[in-house]
Each structure stands twice: as C-alpha cells, then as structure tokens.
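Below you'll find the structure, written out as structure tokens, and then a few comments.
The values are calculated or read from the model by the stated rules, or taken from the named source; none is laboratory data. Treat the numbers as computed from the prediction; the structure is a model and nothing was measured. Here Cβ is always computed from backbone atoms with ideal geometry, including for glycine, and neighbour counts include all displayed protein chains. These accessible areas exclude ligands, DNA and RNA; they are computed on the full protein's heavy atoms, side chains included. Shrake-Rupley method; radii C 1.70, N 1.55, O 1.52, S 1.80 Å.
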Amino acid sequence: MNKLDSAVNNLYIGLMSGTSLDGVDGVAVILPATGEHSAMRLLASSYVPFSDTLRADVMALQQSGENEIHREAMVANALVERYAACVADLQQQLSVDPIVFNLVADAATESVTKSVPVRAIGVHGQTIRHRPELGYTRQTNNPALLAELSGVDVIADFRSRDVAAGGQGAPLVPAFHRAIFGLSGHCRVVANIGGISNISILHADGSTTGFDTGPGNVLMDAWIAQHQAKTYDAHGDWASQGQVHETLLAVLCDEDFLRQMPPKSTGRDLFRMEWMNAKLHAFPEVPAVDVQATLCELTAQTLADAILTYAPDVSSVYICGGGAYNRYLMQRIAAQLQLRKSSAALATTDELGVSPHHVEALAFAWLAQQFILGLPGNLPDVTGAKAHRILGALYPA
C-alpha cells in the first residue's frame, strides 16, 4: 500500500462536545492500521463554539420538561450544524495544508491532488442523560444529518452497546489512552478534566482501568456563571482569590458516588446546581469567592484521592481537557498529591506530544477506526461490561 492509499484509508475526523458545553473540538488525523499509534499524524484541528442559546437549550434537556421530545430533536439538529461547521473547517484545512499536499505528492507525483478523502467521522454527540444503572444513556445527535451535510460516513452512538452489555458506557477513552500513552514498566495516569473528571490508569503490567472520579469544571462553571455571568473561571483566577471552607468541603465530599467502588460514571444527572444548592443551604454566610475556591478544591481532592487509591504506584499524572488550562486547579492537584506523600510528576498531555484540547476528539476518531476495522472499543475492566464489544453505528454518506 502506498502513502496515498494509506492516507485515504486511515484519515479520520473526530468530534467531541463535552459536559462543559463550550463548543465542539474537532481533529483530522491519520491513524495507522498497524497498531503503532505513536505514529498517528494530526493534520488539522478546529474549534466551533456553542451559542448561548444552544448551550441553554442543551442545559434545559438535562431534566424533563414540556414538549421535551420536540425540543431534543431541534437541539440535535442545531448541534449537528455546529458539527458540520467544524467538519467543513477541517476539510478546508486539509485541502490547502501543505503537509497534506506533500503527503499526496509523495505518493503520486504524476497526479497531484489537493484533497485527501476522509474515511469516517467519529462523533460523540451531546450527553443529556446518563443513567447506566437503569440501562440507558442518551447522547443527542442527528448523525444521519451530519452524513448528509458532510458527505462522509459517520460513526456515532458509541456508548449504548457497552451499556447493553451491562457496562457503564463511560469512560470510553482509557482504551485510546493505553494505545497512545501507555509505557511498559511504568504506571501512568491520564486524567481528563472536562465538566466531569475521569481517569485512565495505565498500569505498569499493561493492564488498564479507569472511571469517573467526580466533578471537574461543571460546578465551578455553574457558580461563576451565577455570580459573574462568565462561562468559566479563566485560569482559576477567581478561585485563587478565595479561601477553602473546610467544613463546606467536607459536606461536598459527603456524596455516595465518591465512595462508590468502580466501575462507575456520572454526569450532570448528579453534579448540577440543584445538588450544589442543597449542599450550600447550611452555609449562607460563605462568600461566593470562597465557594469557588472550595469547588476547585473539591475537584482537586477527589481526583487525587481516586488516583492514589487505585494507582498508588503512579509515577506520572498527565492532565487533558479544559481543566489542564486552569492554572490554579493544576496547582491544587499538585498540592493534593503532595499532601498524600505522592512523588508522582504532574504535567499536561502536551508533555506527551498531544494538546489537552485534542485528546478526546482524537479518541473518537480512534473509536471510529475501531468500528471500521471491526475491533472492540470498550474495556470491560473499565466499564464493567461483560465482554469486549464493537462500539458505534454507521450512517453512510
């Protein structure tokens, strides 16, 4: 197979919109079919923000309401418009990017083209309900519309097959983390901090475990939105001005999910404003800035607890997701690890050659490839499914 054939067969787009509801991250990547994923080649990336209206409409679907089925369908269509815009931007970059041009020229110098077709799009959709204990998870999406708008095969609905097999349906990224970040003889933890935090434990013996650890940015984002009309606390600057309220922190940590043994996963079904307001009811005197500092400490403490409980021999912790750019949160995670006498080095996935913004989108490109190759995408040791399963459903262009 020449380089052009390889590119045509292994060029994928991955799209991810997470619990933080900020927008769509997209990547175009060549994924080798040989399993040597250290050789993956990122060709383009894109980010398309959500409008305030779309963000509010998705938030409203987190709980039942009037005309819910119609509203969900309209949100799915609006969401796919954002996905399609992201794909169009990636395709435009691929058509003019000299890296892609050279790749094609090297493969067929007598017939140079400026376009490399995409094998498939892997798209997560937007989680609006996640209740695996009741046998379901729902990601709003209209992959048929995305296939129509993009002209590319779409692979979607990755979580439901794992849930059908008795699993949590989440997190799905540990298998990808193992493929690209695993290092034999070393225990590494990759922590994704989006709205919710999850960890992948890449054990020294080659095994992999992982689970959702609790809130990531979701509560901090909600609190600053309520008090400062901002969508997030940039760099943790506001939280850094407050003081942690230890009694409130203890109350926030008094949550069954945090004590639950893995496999486990969570989302806005649990960690949302109603949950937080119930916890805050007995603390009306705590200044808003101190609440923000305490919510940041909650994320840092629960993450550190989970890491050192289930990976006590960890040598390195790598952070990805939006939380990697919260300087104060990173400082607090480091402090919590040190408080527990851990010597683990803390860094972002930049240290491993992958931008924290790209990791999850790359994971869904990889999951799309797994589907195309007929290979499983889940890890039963992570999700609790009864066996490996091929994840996703195909929507042909």
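No other residue among Ser38, Ser45 is at pLDDT 90 or above, within 28 Å of Tyr325 (Cα to Cα) and within 21 Å of the chain's Cα centre (by Cα) apart from Ser45. In the range 209-238, of all residues being under 25 Å from Arg259 (Cβ atoms) and small (Gly, Ala, Ser), the one that is most open to solvent (accessible area, probe 1.4 Å) corresponds to Ala222.
Looking at Gly392, Gly377, which is the one that is on the phi > 0 side of the Ramachandran plot, of a type in the set (Gly, Ala, Ser) and touching a helix residue (DSSP H, G or I) at 6+ places or on another chain (Cβ under 8 Å)? Just one listed residue meets the conditions, Gly392.
Would it be correct to say that Ser20 is at pLDDT below 95, crowded, with 18+ Cβ neighbours inside 10 Å, of a type outside the set (Phe, Trp, Tyr) and part of a loop (DSSP other than H, G, I, E, B)? Considered against the rule, which asks whether it is at pLDDT below 95, crowded, with 18+ Cβ neighbours inside 10 Å, of a type outside the set (Phe, Trp, Tyr) and part of a loop (DSSP other than H, G, I, E, B), Ser20 comes out as yes. The condition (being in a loop (DSSP other than H, G, I, E, B) and either open to solvent by 30 Å² or more (accessible area, probe 1.4 Å) or closer than 18 Å to Gly214 by Cα (or both)) is satisfied by just one residue among Met261, Met276: Met261. Scan the range 278-327 for residues that are under 19 Å from Ala234 (Cβ atoms), touching a strand residue (DSSP E or B) at 6+ places or on another chain (Cβ under 6 Å) and of a type in the set (Gly, Ala, Ser) and jot them down. Gly321, Gly323, Ala324, listed by residue number. For the range 23-71, a tally of residues being of a type in the set (A, V, I, L, M, F, W, C), open to solvent by less than 50 Å² (accessible area, probe 1.4 Å) and out of contact with any strand residue (DSSP E or B) (no Cβ under 8 Å at 6 or more places or on another chain) returns 2. Against the conditions (1) within 28 Å of Pro143 (Cβ to Cβ); (2) touching a residue at least 24 places away in the same chain (Cβ under 8 Å); (3) in contact with a helix residue (DSSP H, G or I) (Cβ under 9 Å, 6 or more places away or on another chain), Ala368 satisfies every one except (3). Out of curiosity, is Asp269 at pLDDT below 95 and surrounded by fewer than 18 Cβ atoms within 10 Å (Cβ to Cβ)? So Asp269 passes the test.
If you go through the range 239-252 and pick out every residue that is out of contact with any Leu (no Cβ under 7 Å at 6 or more places or on another chain) and open to solvent by less than 70 Å² (accessible area, probe 1.4 Å), you end up with 8.
The C-beta contact set for the range 182-201 (first residue more than 14 Å from Gly321 (Cβ to Cβ) and basic (Lys, Arg), second residue at pLDDT 95 or above and part of a strand (DSSP E or B), distance under 7 angstrom, 6+ apart or interchain) comprises Arg188/Leu202; Arg188/Ser316; Arg188/Tyr318.
Of the strands (runs of 3 or more DSSP E) that lie entirely inside the range 291-397, those containing 1 or more residues that are open to solvent by less than 10 Å² (accessible area, probe 1.4 Å) span 316-320.
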